Every structure is written in structure tokens, then in C-alpha cells.
Amino acid sequence: MLRLVSLKLGRLYRYVKLAVLGSLAAALVLNTHSLLASLQRNELSERRFLQLNKCPACWGTSWCRKFLNGQLRLESWGRLRLFDFFNVKNVYFARYGEPREGSRRVVLKRLGSAQELADIDTKICRRATGRGRCDLLQALHATEFASLNGDVRLLTPDAVEGWSDLVHCPSQRLLDRLVRRYAETKDSGSFLLRNLKDSERMQLLITLAFNPEPLVLQSFPSDEGWPFAKYLGACGRMVAVNYVGEELWSYFNAPWEKRVDLAWQLMEIAEQLTNNDFEFALYLLDVSFDNFAVGPRDGKVIIVDAENVLVADKRLIRQNKPENWDVWYESKFDDCDKEACLSFSKEILCARVTVDHNYYAVCQNLLSRHATWRGTSGGLLHDPPAEIAKDGRLEALLDECANPKKRYGRFQAAKELREYLAQLSNNVR
């Protein structure tokens, strides 16, 4: 009976798949003329496509000259709006050309789905007028995004606390860093908010409230060794970042030697974001295989989705000494039936100096047998060579890192796992 049901479901899936493909083929035939026109037109040089009319309720304008001058062009199928239905995240691949440097690949992001971007407009209108629709630019001046005007000297924690994960528990030191490194102004380098133009201030605040990923990339740049994609610039509601490479997912069945090296890098990223000389702990609240990419030449693992990053200032925690601030915090294992599950308390992440969250996130969601993604299980380190499996040390460390049996077991397991993976990586090179 079960076999009969599965067969019927399989047939139904094939029929639905064929129907969808048939519909696409019909649409392509019926819209051949418009499709050819869209392939010839460069939408990235059009203000409407960039939603430049939304500014300053946008992400920035630093790259507008490059966009409008036609220096960026969408790649192949990205030019066909017919496929936007499948591009839910509004992520595009494009070629960016400089006269002296030639052409290179970049990634363009709207930083939200079409519905999420429409919700931004609705929220701004409701905050200003109480209605869902309004003149966006007029309404913007009646919101908190405009209240921090040129008379305000600093961006302070009480003004933006809780707006997004990035500033769930901001310190003045973090906010000064955000303003000083804000790339959407010509006069970057000053932590004084009043040195920004009104439009730049509103752009910064709207980015901070709705999707702070650009600010994470700017404040913790790859040029200084942080494991994030390089931020390039913005125009309207489109930001450009450096193309890193294929998603980590594409390496799920790579040779064992490659997967060991990638796993070691992931644990090193967890360590760097947790403990660094700047005493900012950057906690990854969304960890999955599509949030990381691997450079094709250097094989380096980079974080390519930094929207959900919580930054805790360890100096401030030591200074304020909240309750149990010096007690080590162990994240609780979450054995859920969904992909990329994580269990955490933002309040505790903000109030403890020693936290194992990043080790837990990487081990549970990427490396161990508990990791599930796109119908697969076993994690990045699945099916180790016979001698590694027989030894049992790798499996034991991964299990203790994901779901510790001893108190503070994850801290020790993460340390030993990093060392063991480094040893394995050196041995297989």
C-alpha cells in the first residue's frame, strides 16, 4: 500500500513538473519578442528597476554612476523578468566592467523579497500617517529616521536598540564604528552623525532597521581579514558585493580532503567571530549551507549572507557586569525536524562574555550527523575514510560539539576539533 502511494505521488510530482515546464515553454514562445527586447536592454541602468525613486528610503547611492553608466549588466537568464518568480530572494549575478581592470563577476542584492520591500514602504507610511499607502518621501520626514537630524551629534544606543539583530544590544563603540565606516557617504571616517547629509543619515538608519547586512560588511570588512564578502556599493534598493564562488552546498560531496579543509575553515571562522582582538563577538543567528561560499582559486570560505548577525561588545559587558556575566554560556542542542535549526537567547548572548553559540551553530548545522540540508543528512564530514571512522575520534568530537554530554563540553570539543581538523588537513595536503 505504501509503495503504491509513493508511486502515485512520484507520478503526480512528474506531471506537475512537466506542467510547469510546459507553461514556461509556452510563455517563452508567446513572449519571444518581449524576451528578446529584455535581453538587449540593460535594466541595471534604469532608475525604475533600481528603485532609485525610493531614496532616501533606500540602501544608498555610492554606485549609481556605475549603474547608470551601464558598467553593470545582468548575466544571461537574469535579464529575463519571467524568472523573477523563482528568484524569491532577489539575488542577481552581473558583470561589472572597469576600463583598466576588465570585467568581473559581482552579486547584486535587493536585500529582501518583493513583498518584504513593499512592507518597508507600508511600515514607513503607517509610522508617519497611520495608513498603509502614502507619499513615501514626504512620510519619511515624519518618522524616527528623520528625527535624528543634523543637530544630533552621535548615534546612540537608546535611539536604535532592538531595531535589528546587529543592534539588539548596541554599545556606543559599535555605533561609532558603524557611522565611521559607513560607505554610502563621501565623507566617511567620522563617527559624528551630524557630518552626514540628511539623506545619508536616513539611508543608514533605514538599512540598520530593515536589513543591516551592508553595515556588517562595511564595519567588519574583508580587507581587514573578516570572513565576509566584500561590500562594493549601492544604488537605490540594489547593493553590489564581490562574487565569492559557489555556495558551500556544492561541496557537500567533494573529495574528503577538500571537505576536511572546509570544515577546519568553518571552525576557524566560528573562533574568529567569537574571540578577537577587537572584543566584539559576532554571533551568527542563521547558519546554513547557502550562507557560505568558497573561492574557486584560494578555496577560502566566506560568509555571503550576513543579515542575521548579532554583535555583542565584550568590553561593555565586562564594564556593566550584568547578572551572571562571567558564567560560561552553553547553547542548548535543538533536535528539530527542520533545516538549519538553532536555539538561542539574544538576551543571554548580549550579557555573557564567554559563549559557545558559534561553535554550536557550525557543528550542528554544517558539520555533524545532525546537519540536514536539501534532503540530505550527515553534514559536511559525512562518510569519512575507513581509518578515520574506525578511530572514532572525529565522530566523538562532532557529537560533543553539537550536543555536549558534559558541562562545558562544547568549548573543549570545539578546541580539540579545530586542532584535529588542522592535523587532518595537513596530512591530506
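So here's what we get for this one:
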| item | result |
| --- | --- |
| Within straight-line cross-link reach of residue 321, aspartates and glutamates at Cα separation under 16 Å, skipping those fewer than 8 residues along the same chain | 279, 313, 347 |
| The range 165-239-the range 89-153 distance, computed between alpha-carbon centres (Å) | 14 Å |
| Stretchable slack from residue 395 to residue 332, in nm (0.36 nm times residue separation minus alpha-carbon distance) | 20.8 nm |
| Net lengthening on full extension, residue 103/residue 286 (0.36 nm per residue, minus Cα-Cα) | 62.7 nm |
| GNM top mover of 95, 194, 48 - the chain, alpha-carbon springs below 10 Å | 48 |
| Förster radius 25 Å - calculated FRET efficiency between residue 116 and residue 198 (Cβ-Cβ, nearest 0.05) | 0.50 |
| The chain: most fluctuating residue of 312, 234, 413 per GNM, C-alpha cutoff 10 Å | 413 |
| FRET efficiency, residue 149 to residue 123 (Cβ-Cβ, R0 22 Å, nearest 0.05) | 0.60 |
| Semi-axis lengths, Å, the chain, gyration tensor of Cα atoms, sqrt of 5 times eigenvalues | 36, 32, 21 |
| The chain - mean residue ellipticity at 222 nm from DSSP helices (-39,500 (n - 2.57) per run, n ≥ 4, rounded to 500) | -12000 deg cm²/dmol |
| Mean projection area, nm², convex hull over Cα of the range 104-171 | 7.2 nm² |
| About the Cα centre, charge dipole magnitude for the chain (Lys/Arg +1, Asp/Glu -1 at Cβ), debye | 1360 debye |
| Length-normalised contact order for the chain - Cα pairs under 8 Å, 6+ apart - percent | 13 percent |
| Debye-sum result for the range 244-425 in log10 I(q)/I(0), which assumes one identical scatterer on each alpha carbon, at q = 0.18 Å⁻¹ | -1.20 |
| Eligible lysines near residue 109 by straight Cα distance, threshold 30 Å, same-chain separation 8 or greater | 17, 54, 66, 89, 123, 186, 197, 230, 258, 300, 338, 346 |
| Among 227, 206, 190 the positive-end extreme of the charge dipole of the range 84-243 (Cβ point charges) | 227 |
| Solvent-free Debye scattering, log10 I(q)/I(0), computed from the Cα coordinates of the range 134-227 at q = 0.21 Å⁻¹ | -1.07 |
| Under 12 Å from residue 405, Cα to Cα: aspartates and glutamates that are on another chain or at least 8 residues apart | 330 |
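Rule-based calculations on the coordinates, nothing more; no lab input. Keep in mind that what you see is a predicted model, and the values were worked out from it rather than measured. Please note: Cβ atoms are built from the backbone with ideal geometry, for glycine as well, and neighbour counts cover all protein chains shown.
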